[in-house]
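Participant: After the structure tokens below, expect a handful of questions from me.
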Amino acid sequence: MKRRNKDTCIVISGESGAGKTEASKYIMQYIAAITNPSQRAEVERVKNMLLKSNCVLEAFGNAKTNRNDNSSRFGKYMDINFDFKGDPIGGHINNYLLEKVGGKVKGVFKFIFQLVKGAPDAQLRSLHIQRDPTAYTYIKVGGQIKVFADFKAVTDAMKVIGFTTEEIQTVYKILATILHLGNLKFGSDGDVTLIENSKLVSVLGDLLSTKDENVEKALLYRTVATGRDVIDKQHTHQEASYGRDALAKAIYERLFCWIVGRINDVIEVKNYDARVHGKNTVIGVLDIYGFEIFQNNSFEQFCINYCNEKLQQLFIQLVLKQEQEEYQREGIPWKHIDYFNNQIIVDLVEQQHKGIFAVLDEACMNVGKVTDEMFLQALNGKLAKHAHYTSRKLSPTDKNLEFDRDFRIRHYAGDVAYSVVGFIDKNKDTLFQDFKRLLYNSSNPVLKAMWPEGKLSITEVTKRPLTAATLFKNSMISLVENLASKEPYYVRCIKPNDVKSPLLFEHERCKHQVEYLGLLENVRVRRAVKRLLQGCGFEHDVAYGKTKVFIRTPRTIFSLEEQRAEMVKRIVLFLQKVWRGTLARMRYRRMRAALIIIRAYRRYKVKSYIREVNRRFKNVRGMKDHGKHVKWPTPPKVLRKFEEALRNIYNRWWAWMLIKDLSPEEMVQIRAKVATLECLKGQRADLGLQRAWEGNYLVSKKDSPGTASSFTLVSSDLQRKDKFMRVLFSCNVRKINRFNKAEDRALLITDRHLYKMDPVKQYKGYFSCIHTAAEYNCQSYLECKCSLVFKESYYHILQFQKSQLNFKNGCNQEFIW
């Protein structure tokens, strides 16, 4: 499209369940991914709308069938408009033949089931709906997975597209109306038809925003105008049931068409002038129902298969027939390749006066009671000699067909037997005018807008509406003309099996699809137009046309294909090598990028932490407490050990700042207090660290005012007698003997002896340890076969581990201080 500035289209075809809908999603996602490199907001909005429209249309137009969990029950052709730069600027959607809900349907439309299973409880209560799908006649089949998530996704998509809250609520009400209509039961009281579960009438009136009596009258009566007179004709039980189902089908069809119209209003190209903005080009994407063969094939399957015949005929015209004609134009001798031209089947269906659609329309227009059996008889009369049509009457030995019910058509994809039951009613698609007036007179403006023909009065004469078959035929002819005006590209979807398994490949089934899709003939025609390379040595076996070069003999083809098969292996290995190298480089770049980011982040955290520490402790020298009150920042994990070391350095610096100006005498006390703290930390709350330690308390007048002079005399006398150099420690203590009797004593520790004195006797009675501190190489502690610990406090305790102390008087005494 961008290279040649030409409108194109993509035709996706295949059986039901072959993957056409998924293929169309991939195409839309691809277009969204490669366009709008400049990220223009309006283009992004359009792309988002196009993608969301797929979600909404799939929910309302797809159903679960026996052969496909997500079967399209409608055909969709979407034109995507592009500007001169190749960016999407809008689009338009056409839909074809929605197979209607109600009666005997092949599946349940997805969103009806999603509403029942996925809507919030409050929403269901407002719609008078239970969460049990089996409670509703129309949806007692199948089920969807992830219905809650799907319900929310569809609702969100509708909001993104632009549906208002009131419009979305109206959609819910219409779906609820359909469910309740399916549960309406009619009975008879003599000749009078009644509604057995009349409570549903008020529910329907509430959902349709109309009066209950109007709903009941529309369901039970039909207004008929005869000249100037207008009468109400009561329905029979059968007519009432038919009218109920017809109403349900019509409501859903109108809802779907209204949704498509609302989406088109949003995505259509607005204010585009080719003279200003450049040429507007189009890519059309056709996602339409695939060829279907069910156990019971009815009017819908007949229309669907006719559609596939038309598309196949377009393929034959554009690919097979035109290319062979091109050889003739090029002046190339050409042996014609036979292919099945299905134009004969297309004519069988749509030919005027003789085709099946024409016979069906003629039967519907006849006056009087016309049955499906009469329609089949008319077919047998007009098509008895047709090679692709048969019935049980024409082939009495064919027991697979039922008398007065079935006929068979030999389609390009295979033989299909159709049941004529319901053909007449479905083609007439009759909906009583009373229902149209009922819905037009609704107070809900959204619902009212869906039924504009309801404004006609009863006596107004209208033209006979076109039948469903004629409308569908006209739309198919228009579609094919539209596709033929563009350059077509084809996506052929092959269904590998009938059991919905992703792992099973049925060879014969796939071969059959390849054959009837015309792919074999396509290959035979296409491969004859391969351009030759000069280096292959096949100059003698080619023919030169006016614009192309053609291969003459199959031998050359086979030789080229053998070389190609050999080259494919090398190409695959090369692609694998390149791709694996690409993956490895991508992984390396990701890992390297991650490592760079991690390193940069760590450096950032480290620098941030160091800067914060520097900021907080920048002026600690000038602080009164040298920064002791400053709170440390939390370090990153990688710096926790560094923080511990940094704290230790700071603490040592802080301690040094405290003691650097102390005198030698003060340093001695500091060392003693530190040693005491290490030994006795946790054993007592107050260790006396906040005051100066005197050591010799018995000579201090402040601590012992009454005894200082007498102790001084005694200690001087001991010093002369025992010749010690200095007193290390002295204080009053209390002795508890083995009988738990307490006595006051004084303790004197010198550099040579340990003395226990009696204050009552003026410190003259004492005992002395015979071992000296010097003998045990102790400076500040005295050890005598024991662990001796002393500290400064109001009560000085000596803790001995069961040890024998030998005193000068020769006594052995075990005591605990």
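Participant: For ARG4 paired with GLU562, estimate the spin-label separation in nm (one decimal), with each label point 7 Å from Cα along the Cα-to-Cβ line.
Facilitator: So the label points at ARG4 and GLU562 sit 3.6 nm apart.
Participant: Using the heavy atoms of the protein chains alone and a 1.4 angstrom probe, what is the accessible area of segment 166-222 per residue in square angstrom?
Facilitator: Here the per-residue accessible area is 44 Å².
Participant: Using the heavy atoms of the protein chains alone and a 1.4 angstrom probe, what is the accessible area of segment 330-421 per residue in square angstrom?
Facilitator: 55 Å²
Participant: Let me make sure I get this right: for segment 277-321, a, b and c are the square roots of the gyration tensor eigenvalues over alpha carbons, sorted descending. Under 1.5 in a/c it's rounded, otherwise prolate if a/b > b/c, else oblate. Which is it?
Facilitator: oblate
Participant: Another question about this same structure. Do you know the Lys pair count in segment 567-661 for C-alpha distances under 30 Å, with sequence separation 8 or more or different chains?
Facilitator: 25
Participant: Taking the Cβ-Cβ separation of GLU239 and ASN497 as r and a Förster radius of 56 Å, what is the calculated FRET efficiency to the nearest 0.05?
Facilitator: 0.80
Participant: May I ask which of LYS76/LYS426; LYS64/LYS173; LYS310/LYS385; LYS110/LYS382; LYS52/LYS473; LYS64/LYS448 have a Cα-Cα span longer than 32 Å here?
Facilitator: Those over the limit are LYS110/LYS382.
Participant: How far apart, in nm, are two points set 7 Å out from the Cα along the Cα-to-Cβ line at THR459 and at ARG125?
Facilitator: My value for the distance between the label points is 5.0 nm.
Participant: Accessible area of segment 567-661 with a 1.4 Å probe: how many percent of it is carbon plus sulfur?
Facilitator: 60 percent
Participant: Once the Cβ-Cβ distance between LYS25 and ILE571 is put in as r, and R0 is 30 Å, what FRET efficiency do you end up with, to the nearest 0.05?
Facilitator: The pair LYS25/ILE571 has a calculated efficiency of 0.50.
Participant: Classify segment 567-661 from the C-alpha gyration tensor, please: rounded if a/c falls under 1.5, else prolate or oblate depending on whether a/b exceeds b/c.
Facilitator: It is prolate, given that a/c is not under 1.5 and a/b is the larger ratio.
Participant: Please give the length that would be gained between TRP656 and LYS637 if that part of the chain were fully extended, namely 0.36 nm times their separation in residues minus their C-alpha to C-alpha distance (nm, one decimal).
Facilitator: 3.9 nm
Participant: Something else about it: When all protein chains stay in place, what accessible area (Å², nearest 10, 1.4 Å probe) is found for THR134?
Facilitator: 90 Å²
Participant: Counting other C-beta atoms within 10 Å, and keeping those with at most 16, which DSSP coil trypsin sites (Lys or Arg not before Pro) do you find in segment 601-661?
Facilitator: For trypsin sites (Lys or Arg not before Pro) across segment 601-661 that sit outside H, G, I, E and B with at most 16 neighbouring Cβ atoms in 10 Å, the list reads LYS618, LYS624, LYS628, LYS631, LYS660.
Participant: Subtracting the Cα-Cα distance from 0.36 nm times the residue separation, let me have the gained length for GLU515 to ILE34 in nm, one decimal.
Facilitator: Stretched out fully, the GLU515 to ILE34 stretch lengthens by 169.7 nm.
Participant: Within a Cβ distance under 14 Å of LEU479, other residues only, what is the Lys/Arg minus Asp/Glu net charge?
Facilitator: -1
Participant: Still on this structure, please answer the following. For the pair ALA708 and ASN70, how long in nm is the line joining their label points, each one 7 Å along Cα→Cβ?
Facilitator: Result for the modelled spin labels: 10.4 nm.
Participant: Multiply the residue gap between ARG592 and HIS507 by 0.36 nm, knock off their C-alpha separation, and tell me the result in nm, one decimal place.
Facilitator: Once the chain is fully extended between ARG592 and HIS507, it gains 25.8 nm.
The values are calculated or read from the model by the stated rules, or taken from the named source; none is laboratory data. Just so it is clear, the model here is predicted, and its values are computed rather than measured. Glycine gets a Cβ as well: all are built from the backbone with ideal geometry, and neighbour counts include every protein chain shown. Heads up: the accessible areas ignore ligands, DNA and RNA and are worked out on the full protein's heavy atoms, side chains in. Shrake-Rupley method; radii C 1.70, N 1.55, O 1.52, S 1.80 Å.
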